[in-house]
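The structure appears right after this line, and notes come after that.
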Amino acid sequence: HPGAIVACVEDDGRGFDPGTTAPAGGSHGLGLLGMHERALLLGGTLQIESQPGRGTTVLARVPYPPDREVPS
């Protein structure tokens, strides 16, 4: 997309309730939290769509070129 880098990852797995950020199977969802924090650090967004039994879609958007200097 012009002005942004966009990554979309989809699966047709077990899914989970994004409101709890705890995927089915016992994980506490820290990976998703880390992805969200990294997207914010770059001035971007992370969108998560999922439902139990229906899989998951993760969409990350990061402005490019960056609006500001990226922290190292």
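The values are calculated or read from the model by the stated rules, or taken from the named source; none is laboratory data. None of the values given here were measured: they were computed from a predicted structure. We place every Cβ from the backbone using ideal geometry, glycine too, and count neighbours over all the protein chains shown. When the accessible area is computed, the model is the full protein with side chains, heavy atoms only, and any ligands, DNA or RNA have been set aside. Shrake-Rupley method; radii C 1.70, N 1.55, O 1.52, S 1.80 Å.
Find all pairs meeting these conditions: Cβ atoms under 6 angstrom apart; at least six residues apart or on different chains; first residue within the range 54-66 and on the phi < 0 side of the Ramachandran plot; second residue open to solvent by less than 60 Å² (accessible area, probe 1.4 Å) and among the aliphatic types (A, V, I, L, M).
What qualifies is 58/48; 60/7; 60/39; 60/46; 61/4; 61/6; 63/4; 64/4.
What number of residues within the range 38-48 are within 9 Å of the chain's Cα centre (by Cα) and open to solvent by 70 Å² or more (accessible area, probe 1.4 Å)?
2
On the given criteria, is residue 53 within 17 Å of residue 5 (Cα to Cα) and at pLDDT 90 or above?
No: the conditions fail for residue 53.
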